[in-house]
Amino acid sequence: MSLTSLPLEVIGHIFDYLELSDLVDCSLTCRPLYWFFNFHHYGLIRPIWHNVPCHVPNNGVSDFKLCYRNAVMIDATLYIVVLSPNNPTCWQLRTNEKNPEWLRIPIKVSDQYRPVRYPATSSISNQIYIHGGIDLITGQPTNAMYELNVNNMRLHTLTQSNALPCPRSMHTLNAIDRNHLMIYGGQCFSNDKPYDCKDYATYDVTNKSWTIYNSVPNVPYARSLHLSVFVRNTLYVYGGQQTTYAGLPEIHNDDSIWAYNTQDCRWSKYLSPNIEQSTSYRLPSEWISTTGRRQSPGRRVGAAMVCFGNKVVIFGGSTTANWERDQPEKPWEYMKIFSVYKRTWDHIRIQGLPNMQCVAFASGRREFFVIGENLNTGETMMGRILG
């Protein structure tokens, strides 16, 4: 009996016990095993970028440049909420159509409403939640909380009880179950000067109340404009920017991935391979070593991070100063892949991926939908990564 005659689940189980060198040798024996190796190891076989025309009406160009990082995907439909001073709008795109086109839908405001920029967004079922941002009337951060029903496009201001988180912008908001949202990090103000925070809190959408976690050990370093994604009881945090003493933003110098387990309420840090190889000191037990130095993503801001199976994938973003001299041509085409179980980094090339800041959503078994800004031309771009 040949290996290829076995069920795919059995082949996958066998591959789990093989070293990488043995997997590579096995994959070179025939094309079916090569394809299966790529899918098992990377989650993709041969990813290629397919451009999707981004026909944005003239009155929406500025909206997209400022708000695309707040996009939310619900049932293959992409939503970008723009809480502008006069006409709050929701842009809608059905990504499963062959030639999708943006629809501009006015938002019905039910309560007192404050226009904001750079909030954090997430979704539970058919509700989009918007928290914080910069109040466009006062110019200061806010901790307002909104709920948008995508079925009737009606916006409600949510009540918030208990102590409230510090007003902030450029933070992250993630749904951690069907009743709770979690914020982390962001940029706050003190005496009109910006500073990055590292606190986190959960919001109960049923009771409309906050729980703030203070004095928790081993919390990620303060940051804003970072990435976060939640999967299987764990919130992963990576990258972003930090504010210097002069009040200027720069790419954050922490290139590790942090993981928060919502069941035991503990943070862990998956060290960048660069850190482990450059220190001889004994590290805290919550700091977990990883391997694959050349394949790790380094320091980035404005990248996309998606959980794909049991892997965390990162690509795109600004990291020009961190490209290694010995990296191949077009290093931005490489998707960095972290295996949570094996604690290893790897990478695979996305043929034709533009040099862009972006966000991405898993829209199929081997497909991502991507929207962002081309770093060379400044234009808004969309596309699919098909593997």
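The values are calculated or read from the model by the stated rules, or taken from the named source; none is laboratory data. Just so it is clear, the structure is predicted and the values come from calculations on it, not from any experiment. All Cβ positions, glycine included, derive from the backbone under ideal geometry; neighbour counts span all protein chains shown.
Observations on the model:
- Residue satisfying all of: in the stretch 359-387; under 21 Å from Asn174 (Cα atoms) and free of Cβ contacts under 8 Å to residues at least 60 places away in the same chain; surrounded by the fewest Cβ atoms within 10 Å (Cβ to Cβ) among these: Gly364
- Qualifying residue in the stretch 302-315 (condition: assigned by TED's automatic domain parsing to the domain that holds Asn174 and in a helix (DSSP H, G or I)): no
- Under the condition of being surrounded by fewer than 17 Cβ atoms within 10 Å (Cβ to Cβ) and at pLDDT 95 or above, the residues counted in the stretch 181-190 number 0.
- When residues of the stretch 353-367 are limited to those that are under 20 Å from Gln92 (Cβ atoms) and out of contact with any Lys or Arg (no Cβ under 7 Å at 6 or more places or on another chain), the one modelled with the lowest pLDDT: Gly364
- Residues that are β-branched (Val, Ile, Thr) and under 22 Å from Lys311 (Cβ atoms), drawn from the stretch 219-278: Val229, Val231, Thr234, Val237, Ile257, Thr262, Ile275
- Of all residue pairs spaced 6 or more apart or on separate chains, none has beta-carbon atoms under 7 Å together with a first member in the stretch 143-160 that is outside the structural domain of Ile107 (by TED's automatic domain parsing) and touching a residue at least 12 places away in the same chain (Cβ under 8 Å) and a second member that is assigned to a strand (DSSP E or B) and buried (at least 16 other Cβ atoms within 10 Å of the Cβ).
- Pairs linking a residue in the stretch 60-88 that is at positive phi to a residue that is in a helix (DSSP H, G or I), with Cβ atoms under 9 Å and 6 or more positions apart or on different chains, do not occur.
- Residue count, the stretch 185-210 (criterion: among the polar types (S, T, N, Q) and touching a strand residue (DSSP E or B) at 6+ places or on another chain (Cβ under 8 Å)): 4
- Of the residues making up the stretch 81-97, those that are under 21 Å from the mean Cα position of the chain (by Cα) and within 18 Å of Glu147 (Cα to Cα) are Val81, Val82, Cys90, Trp91, Gln92.
- Scope the stretch 159-180; condition of a type in the set (A, V, I, L, M) and at pLDDT 95 or above; matching residues: Met170, Leu173, Ala175, Ile176
- Only a single criterion out of (1) part of a loop (DSSP other than H, G, I, E, B); (2) aliphatic (A, V, I, L, M); (3) modelled with pLDDT of 95 or more is not satisfied by Leu155, namely (1).
- The residues listed here are Leu83, Leu66, Leu93, Leu78; of these, the one that is at pLDDT below 90 and aliphatic (A, V, I, L, M) is Leu66.
- Odd one out for Ile130, checked against (1) in contact with a Phe, Trp or Tyr (Cβ under 6 Å, 6 or more places away or on another chain); (2) surrounded by fewer than 21 Cβ atoms within 10 Å (Cβ to Cβ): (2)
- Selection within the stretch 334-382 - of a type in the set (Gly, Ala, Ser) and closer than 24 Å to Pro53 by Cβ: Gly352, Ala360, Ala362, Ser363, Gly364, Gly372, Gly378
- When every residue of the stretch 326-343 is checked against the conditions, at least one turns out to be under 30 Å from Asp264 (Cα atoms), surrounded by 13 or more Cβ atoms within 10 Å (Cβ to Cβ) and at pLDDT below 85.
- Selection count, the stretch 191-222, where residues are among the acidic types (Asp, Glu), at pLDDT below 95 and within 24 Å of the chain's Cα centre (by Cα): 1
- Residue within the stretch 158-177 that is out of contact with any strand residue (DSSP E or B) (no Cβ under 7 Å at 6 or more places or on another chain), surrounded by fewer than 17 Cβ atoms within 10 Å (Cβ to Cβ) and within 21 Å of Arg114 (Cβ to Cβ) present: yes
Yes/no matrix, rows are residues, columns are (1) farther than 20 Å from Arg69 by Cα; (2) of a type in the set (Ser, Thr, Tyr):
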| residue | (1), (2) |
| --- | --- |
| Thr95 | no, yes |
| Pro100 | no, no |
| Pro119 | no, no |
| Asn126 | no, no |
| Thr138 | yes, yes |
| Tyr146 | no, yes |
